[in-house]
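> I'd like to ask some things about the structure below.
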Amino acid sequence: MYTVLVAIDRDVENARAAAEAVASYPCAAEEVAATLLNVQKEFDTPMNIDSTDFYDEDEFPASVSVAEERLAEAGVTTTRRREHGDPAELIVAVADEIDADAVVIANEKRSPAGKALFGSVTQSVLLDADRPVTVVSQS
């Protein structure tokens, strides 16, 4: 079985693009299992509001359902997983934990200046992952 970690953010079109990439793998229905990972980014504010106050491990965004439905149509077995923390670190850590054969991630649409100022989850995953990473864009 070929195991793929699919990083799913809140963007429905990103989820659809990532799922389509996995669904297009040869023999996807027979040979591919996908873990759909959604990470709620950790944050806090000067008013002492912490992101853990809003985190619910069972509350998946609609984008996860969109990816799950597309993969089900393609016959790909899926598992949902939700985490809280740094998205790039958790994507790499979960890929290691489940011994994924590959990672699929949808590219965030940011300007070059935005990437320089705020970093990029995709860039970090590409640099830190020790397995193939497929980066997809919305069509």
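> Looking only at segment 18-34, decide whether some residue is modelled with pLDDT under 95, under 17 Å from Val135 (Cβ atoms) and either touching a helix residue (DSSP H, G or I) at 6+ places or on another chain (Cβ under 7 Å) or in a strand (DSSP E or B) (or both).
No, segment 18-34 contains no residue that is modelled with pLDDT under 95, under 17 Å from Val135 (Cβ atoms) and either touching a helix residue (DSSP H, G or I) at 6+ places or on another chain (Cβ under 7 Å) or in a strand (DSSP E or B) (or both).
> Of everything in segment 67-79, what is under 13 Å from Ala7 (Cα atoms), out of contact with any Asp or Glu (no Cβ under 7 Å at 6 or more places or on another chain) and surrounded by 16 or more Cβ atoms within 10 Å (Cβ to Cβ)? Give them in sequence order.
Across segment 67-79, the qualifying residues are Ala67, Glu68.
> For a quick check of your reading: which helices (runs of 4 or more DSSP H) sit entirely within segment 75-139 and have at least 3 residues that are out of contact with any helix residue (DSSP H, G or I) (no Cβ under 7 Å at 6 or more places or on another chain) and at pLDDT below 95?
Output list reads 112-118, 121-128.
The values are calculated or read from the model by the stated rules, or taken from the named source; none is laboratory data. Bear in mind that the values here come from a model prediction, so they are computed numbers and not experimental data. Heads up, the Cβs are rebuilt from the backbone with ideal geometry, glycines too, and the neighbour counts pull from every protein chain shown.
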